[in-house]
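Below: the structure, in structure tokens.
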Amino acid sequence: MRRQFWGAFLFGVGVTGMLDGIIFHQLLQWHSMVMYHAKPDQVVSDGWFHLAITLVWFVATVLISRSDPLIMLRERRRFWGFFLLGGGLFNLLEGIINHHLLGVHHVHEYVPNPLGYDLLFDTVALVMIGWGWLLVRKGAER
């Protein structure tokens, strides 16, 4: 069960990080990992972020592939619960640390008051954590 937990948890971190990078960094171009540097530094910092997230995703894939497929079938709710917990915790910690404490970047840097976007990001993370927790609990009851 440990492999399933860590695999699903890290898979959630990886997918959430990938979506953050693709949507906020590349498509919308709302922020970079280091906003207050020249554009080449922003691109390199985003590249390091994507590389780290890809490594997390790779480790998750290895853990999941080494898990017992019968347990994975029986524990689908818990798998998706751990997935949501991983993604939600990643976003919440990233939001608190980078957006609020360090001020490295905000979700949307190019608006007069980015706090609303940051708080919405945190709220979505909390919803993911709550939904994940419910799925884990319901899966444990079965």
Matching entry among 85, 120, 63, 89 (being surrounded by fewer than 18 Cβ atoms within 10 Å (Cβ to Cβ) and not acidic (Asp, Glu)) = 120
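From 48, 30, grab the single residue that is buried (at least 17 other Cβ atoms within 10 Å of the Cβ) and either more than 19 Å from residue 90 (Cα to Cα) or out of contact with any Lys or Arg (no Cβ under 8 Å at 6 or more places or on another chain) (or both). Lay out the reasoning, then the answer.
On the way: 48 fails: buried (at least 17 other Cβ atoms within 10 Å of the Cβ).
Of the residues listed, the single one that is buried (at least 17 other Cβ atoms within 10 Å of the Cβ) and either more than 19 Å from residue 90 (Cα to Cα) or out of contact with any Lys or Arg (no Cβ under 8 Å at 6 or more places or on another chain) (or both) is 30.
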key: Test set (1) modelled with pLDDT of 95 or more; (2) more than 13 Å from the chain's Cα centre (by Cα) - residue 126 fails condition number   = (2)
Subset tally (residues that are open to solvent by 30 Å² or more (accessible area, probe 1.4 Å) and free of Cβ contacts under 8 Å to residues at least 40 places away in the same chain) for the stretch 95-116 = 10
message = Could you check the stretch 81-119 and list, in sequence order, the residues that are within 15 Å of the chain's Cα centre (by Cα) and among the hydrophobic types (A, V, I, L, M, F, W, C)?
response = 82, 83, 84, 85, 89, 90, 92, 93, 96, 97, 107
query = Would it be correct to say that residue 3 is out of contact with any His (no Cβ under 9 Å at 6 or more places or on another chain), within 22 Å of residue 133 (Cα to Cα), open to solvent by 40 Å² or more (accessible area, probe 1.4 Å) and not acidic (Asp, Glu)?
reply = yes
query = What are the residue pairs meeting all of these: first residue in the stretch 1-26, first residue over 16 Å from residue 106 (Cα atoms), second residue modelled with pLDDT of 95 or more and among the β-branched types (Val, Ile, Thr), Cβ atoms under 6 Å, and 6 or more apart or on different chains?
reply = 10/56; 10/59; 13/56; 14/53; 14/56; 18/53
ask   = Among 102, 126, which is the only one that is closer than 12 Å to residue 85 by Cα and of a type in the set (A, V, I, L, M, F, W, C)?
value = 126
note = By residue number, the members of the stretch 128-142 that are part of a helix (DSSP H, G or I) and loosely packed, with under 12 Cβ neighbours inside 10 Å are 140, 141
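The values are calculated or read from the model by the stated rules, or taken from the named source; none is laboratory data. Computed from a predicted structure; not experimentally measured. Every residue, glycine as well, gets a Cβ built from its backbone with ideal geometry; the counts of neighbours run over all protein chains shown. When the accessible area is computed, the model is the full protein with side chains, heavy atoms only, and any ligands, DNA or RNA have been set aside. Shrake-Rupley method; radii C 1.70, N 1.55, O 1.52, S 1.80 Å.
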